[in-house]
Amino acid sequence: MTKPLFHSDDIAKILDSVQDTGTGHSLLSLSKLEGYTTDGGKLSVALAVGREKAGALAPLCDKAAELLKALPGVRDAAIILTAHRPAAPASPPAPKGHRPFGGKAPAPDAPVLPGVKAIIAVASAKGGVGKSTTATNLAVALAQQGLRTGLLDADIHGPSQHRMLGVSSKPEVINGRLQPVNAWGIKSVSIGMLVQEQQAMIWRGPMVMGAINQFLTDVDWGELDILVIDMPPGTGDAQLSLMQKIKLAGAVIVSTPQDIALIDARRGVSMFKKMEVPVLGVIENMSYFCCPNCGHNTELFGHSGARKEAEAMQVPFLGEVPLLLDIRTSADNGMPVVASAPDSDAARAFYQIAQATTQALKKNSAL
């Protein structure tokens with residue numbers, strides 16, 4: 001970490017110069033400067049704000065970040081908002097739950113997702129195994145089977161569904177209700193559609209669950225056959241709270257073939273079994289690499305590890321997805337491979353998995 005050529009007063013002066021044109025208040029007056037760090041010419045400034053102000057302050061933060069680049073030795077600057085929960089008054093008691101997006105809380109006895117027949121979770125218990133890519137292509141493949149399908153991106157800290165679906169516009173709000181975005185035959189909602197892509201979601205657990213709860217209760221999902229939930233990685237509070245909030249028809253576990261990933265897959269299966277959620281099956285992603293030039297298959301991460309693990313855990317094996325360039329490029333370009341290249345080997349793999357998932361749901365009388 002390099003020694004800065006400026007002081008906190010210099011930062012505060014810049015923050016105070018950026019004003020909200022509507023209210024005339026400065027960014028500094030609307031937040032609290034908690035600290036800053038510099039590293040290799042990169043300046044990171046932490047501001048504490050009330051959770052209700054975080055969204056409105058994002059444009060001011062972008063403007064201030066540009067001005068901060070003028071400080072000596074600063075090549076790049078970023079402002080990080082840390083949303084603190086205000087202390088609850090002694091009387092009357094504060095309402096339960098965080099609502100990061102605002103809006104009126106539903107009645108305690110209001111049904112959750114009443115128009116959805118089956119809700120399935122796509123989980124990995126580990127990051128970096130292609131869970132979100134799998135969830136996206138699975139949802140689109142289910143829609144191509146004629147099922148009314150929705151996709152909820154519950155990975156608040158690392159949202160990616162908006163990019164994979166090619167969605168750049170914000171969802172519309174009608175009568176205080178968020179309208180899911182229609183893309184590639186499915187309805188979808190992600191925090192990535194509501195915030196700037198470079199904005200870090202530095203939210204504590206209660207705020208994360210507040211956001212997920214609003215995606216469940218304050219979105220007009222309408223009538224759906226299946227809602228696919230792209231779960232955050234891990235087996236923590238967000239996953240457990242979500243399973244307590246809604247009744248899942250089943251869970252799909254995504255893993256790569258190597259042992260280090262299968263360790264976490266076992267944890268994922270164990271979590272769902274303890275919560276009495278049916279495990280619909282395991283998917284082996286990046287099962288093998290197919291050379292685009294010669295067509296030779298190379299098992300970079302091993303092969304059939306997830307299949308063997310599924311057999312050992314006595315859960316179904318839904319299929320394997322090869323490691324193909326088309327899958328990556330189509331996701332980056334916002335065109336799921338099952339839609340952009342329906343006759344490809346990758347698309348056929350996802351079709352098979354979608355069919356196996358549907359059969360498992362029908363077997364459990366969920367569809």
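Suppose R0 equals 35 Å. What FRET efficiency, 1/(1 + (r/R0)^6) with r the Cβ-Cβ distance, do Gln314 and Glu172 give to the nearest 0.05? With a Förster radius of 35 Å, E is 0.20.
Ellipsoid fit via the Cα gyration tensor, the stretch 8-84: semi-axes of 20, 13, 10 Å, each the root of five times an eigenvalue, largest first.
Over the residues of the chain, the helix contribution to mean residue ellipticity at 222 nm works out to -10000 deg cm²/dmol, using -39500 (n - 2.57) for each DSSP H run of at least 4. Here the average projected area of the convex hull drawn through the C-alpha atoms of the stretch 168-211 stands at 3.9 nm². Here r is the Cβ-Cβ distance between Ala107 and Ser17 and R0 is 41 Å; the resulting FRET efficiency, rounded to 0.05, is 0.35. What is the stretch 115-232 by shape, rounded, prolate or oblate, if you read a ≥ b ≥ c off the alpha carbon gyration tensor as root eigenvalues and call it rounded for a/c under 1.5, prolate for a/b larger than b/c, and oblate otherwise? Judged from the Cα gyration tensor, the stretch 115-232 comes out rounded (a/c under 1.5). Segment Lys117..Ser241, full-extension length gain: 42.6 nm, with 0.36 nm per residue of separation and the alpha-carbon distance subtracted.
Taking label positions 7 Å along the Cα-Cβ direction at both Glu276 and Ser344, the computed distance is 4.2 nm, reported to one decimal. Once every Cα of the chain carries one equal point scatterer and solvent is ignored, give the base-10 log of I(q)/I(0) from the Debye formula at q = 0.08, 0.12, 0.13 Å⁻¹, two decimals. Computed log10 I(q)/I(0) values: -0.47, -0.95, -1.06.
Spin-label model, Asp62 to Ser29: label points 7 Å out along the Cα-to-beta-carbon direction sit 2.4 nm apart. Cross-link pairs exceeding 26 Å in C-alpha to C-alpha distance, out of Lys131/Lys308; Lys131/Lys187; Lys53/Lys247; Lys245/Lys308, comprise Lys53/Lys247; Lys245/Lys308.
We did not get these values from a lab; they are worked out from the coordinates using the rules stated. Quick caveat, the model's predicted, so the values are computed rather than measured. Heads up, the Cβs are rebuilt from the backbone with ideal geometry, glycines too, and the neighbour counts pull from every protein chain shown.
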